[in-house]
Every structure is written in structure tokens, then in C-alpha cells.
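Starting off with a structure, shown below.
The values are calculated or read from the model by the stated rules, or taken from the named source; none is laboratory data. Values in this document were obtained by computation on a predicted structure and should not be read as measured data. No Cβ is skipped: glycine too gets one built from the backbone with ideal geometry, and neighbour counts run over all protein chains shown.
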Amino acid sequence: MSQKKYSEIENNTPPRKTAILEMLLKVDKDHPLVKKYNEQNDEYLKNLNNQISALEKKNSEKIILPELKPIDVESFYSRFLEAFEFFNGKKFDENVNDGECRKLARTLCAYLIGKKDFLRSPLLNRDVSEPSLNKGILMIGGKGIGKTTIMKTFKEMFLYASNPNYKPLTVQDIEGTHQILNRYIQRDKMSFGFHTANEVVDAYEAIEDSKEQENFNIKYSQGFRYFDDIMTEEVASRYGKRDIFRTIFEKRYSNHAKTMVSINYHDEQEGKQKNLEKTLTAFGNRYGDRVFDRSFEMYNIIELKGDSLRK
């Protein structure tokens, strides 16, 4: 059976990117040259996808896709910016809180694609937890600073990229080759479950039988997951009162399941200094010594000190 290389499909070639265009892509996304390049690149990717589909259907030929090299972090961050505007209906403000939101998004970009740049993030607290790409993330910050929106954007972007009914979402690798993002998502298990704390409590209270209990345990104690606004949830009420996240965190530790969590500063009040130590102590008091002691083994600590963006 004959084979065709990905780069040899008909005469469909990506638009040329000059040094001037490289600069404009970074500093002026509304420039006419940038818009023209983006239009040409979208057309190239559309044609590429159509050609791949046509070849597979017509000749059942095996398409050899380019080798997956590491994702270029700037390309991935650019995709995040596009996704943020698409899913939230507004542009991502990179300058609020002295650029803290930008630093957070870039830190998470590096983390999700496994870049060692993550270890150099200025947001990591190295005094309480040694940074590692093998750990999860415990994100501590004030209310309304954008934690949830940023995490939800990454989640939605991965879902979009994984949907076969949509045009393939691409990123560039470190050699400048356009790659289909979903190949990385599948290979590296980048996608994660997104759950608010109270959503999990509601799911627990809705359990009606042992099978549903088993499904609940499996769902929340395994896999790569993000839990939003931990410590704001109500104590679960089902045949008595129970703080279910104590059990969830213990099981996730035992299962070596990578976990991302966001919490607000404890007893945060306007005008008062945000206190990391008191927040971590409150976390331990809420979920117990076992969860607290294992937290530094489970999580990188990201500390955000910006003010609320809610007006």
C-alpha cells in the first residue's frame, strides 16, 4: 500500500512567515499583514484537513503525520489567548494586577505541556513546597481575580480541540511545524475534569444506591481533575453530615492522581494582608492532618496576591 507524507499532500503549503510578520504577531494582532496571514493559515489548515479526510476515504492510504516534537510554549499561549476571547466574549487582559493574570496563564501553559519553564514561575512558593511537574497545583488567591475563568478556558479549549466535528486546532512545535493539538491531548492526557466544590457535594447528596456510590468514588478519586473554590462548599448531608473532600483528597493521594485545586485566602478582608500560612492552616483544619501533611507532596503552591477584578 502506498503512503503519503503529511507534508506532501498535494501542493498545500503553509503561508510564509517572515521575520517582520513574526514580530507583528507578537505586538500587533490587528495589523493588516497579521490578519492576512491568519486568513491564509486558516485556509491552509482547512484544506489540509479536507485533503487528509479525502485520502483516507478514497484510497484508505495511511497518512504519516509529522513526529510530535515538544509544543512551543508561545504558540500554546497564543492559542489560550484566542480561546479566552472565543469562550468568554472578551479579550484576555494581560496587564491587570501588574500582569499577574498573564503570569498565571503562562505558568499553567508551561505546566500543562510539561515545560520546565514552569519551575521558574515567579508565582510558585518554593518555601513550602518544592516545585515539580509531577505534582498537582494548589492555587491560592483572593476572590474574583480570574482563577476560575482561566482554568475554564483551558478546559474548554481542550474539549474543542478534541471534538472531531470541529476544524482541527493546531499549535506549533519547537521546530515551527504545525501540529494538531488533539494528538498531544491524547498522548499526554492533557485534558482534565473541571468541578466546582459545591457541584461535587450536590453529586454526593444525589446518590441513591450502591452503584451510584461506586461511580462517584471512581469519578472523583481518579484521573486528572481540577476542583474549584475548595473550602467554600457546604458540608454534605446524606445519612448524616460529612466533609466529603477529606475522603476524596485521601483517595486521590493513594491513587497517585494528579490534582489541581483553587482556594481563596482564609478570612480575606479588604485592606488586610493576604496570609498564606493562615490559609494553609485553615485548609488543614477543614480536611484533617492527613490531607494537610500530604499537601506539600501532592501540590505545587501558586500564590496570587492581586485584587478582585469584579466591579
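Could you list, in sequence order, the residues of segment 176-205 that are within 15 Å of F216 (Cβ to Cβ) and not in a helix (DSSP H, G or I)?
G193, H195 - these are the residues of segment 176-205 that are within 15 Å of F216 (Cβ to Cβ) and not in a helix (DSSP H, G or I).
Restricting to segment 95-104, what's the tally of residues that are in contact (Cβ under 8 Å) with a residue 12 or more places away in the chain and loosely packed, with under 14 Cβ neighbours inside 10 Å?
Pass one, segment 95-104, residues in contact (Cβ under 8 Å) with a residue 12 or more places away in the chain: 96-98, 100-101, 103-104.
Keeping just the survivors that are loosely packed, with under 14 Cβ neighbours inside 10 Å gives 98.
Number satisfying all stated conditions: 1.
For K258, are the conditions met, namely being touching a residue at least 60 places away in the same chain (Cβ under 8 Å), within 19 Å of V200 (Cβ to Cβ) and of a type in the set (D, E, K, R)?
Yes, satisfied.
Take residues that are more than 21 Å from N163 (Cβ to Cβ) and at pLDDT below 75 and tell me which of the helices (runs of 4 or more DSSP H) falling wholly in segment 1-100 contain 3 or more. I'd like the intermediate steps shown before the answer.
Working: elements: 19-27, 32-59, 73-88.
Those helices (runs of 4 or more DSSP H) span 19-27, 32-59.
Only one of (1) within 23 Å of N97 (Cα to Cα); (2) among the polar types (S, T, N, Q); (3) under 24 Å from the mean Cα position of the chain (by Cα) is not met by T232, so which one is it?
(1)
If you don't mind, another one. Filter segment 170-207 for residues that are charged (D, E, K, R) and out of contact with any Ser or Thr (no Cβ under 7 Å at 6 or more places or on another chain) and give the result. Quick ask: steps written out before the conclusion?
Residues of segment 170-207 that are charged (D, E, K, R), as a first pass: 173, 175, 183, 187-189, 199, 202, 205.
Result: D173, E175, R183, R187, D188, K189, E199, D202.
Shifting gears a bit: Looking only at segment 231-244, decide whether some residue is of a type outside the set (G, A, S), surrounded by 15 or more Cβ atoms within 10 Å (Cβ to Cβ) and part of a helix (DSSP H, G or I). Even if it seems obvious, please write down each step before you answer.
Of segment 231-244, the ones of a type outside the set (G, A, S) are 231-235, 238-239, 241-244.
Retained after the next criterion (residues that are surrounded by 15 or more Cβ atoms within 10 Å (Cβ to Cβ)): 231, 233, 242-244.
So of that shortlist, the ones also part of a helix (DSSP H, G or I) come out as 244.
Checked against the condition, which is being of a type outside the set (G, A, S), surrounded by 15 or more Cβ atoms within 10 Å (Cβ to Cβ) and part of a helix (DSSP H, G or I), segment 231-244 yields at least one hit.
Return the pairs, sorted by first residue and then second, in which the second residue is in a helix (DSSP H, G or I) and not aliphatic (A, V, I, L, M), the first residue lies in segment 206-235 and is farther than 19 Å from S262 by Cα and at pLDDT 95 or above, the beta carbons are less than 7 Å apart, and the residues are 6+ apart or on different chains.
Matching pairs, first to second residue: F216/Y204.
A quick yes/no check of all residues on (1) more than 17 Å from R286 (Cα to Cα); (2) not in a loop (DSSP other than H, G, I, E, B):
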residue	(1), (2)
I207	yes, no
K211	yes, yes
E214	yes, yes
G223	yes, no
F227	no, yes
E250	no, yes
M260	yes, yes
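Could you tell me which residue of segment 138-149 is nearest to Y265 (Cα to Cα), considering only residues that are modelled with pLDDT of 95 or more and surrounded by fewer than 22 Cβ atoms within 10 Å (Cβ to Cβ)?
T148
Given the conditions (1) in contact with an Asp or Glu (Cβ under 6 Å, 6 or more places away or on another chain); (2) at pLDDT below 95, report the number of the one that K278 does not fulfil.
All conditions pass for K278, except number (1).
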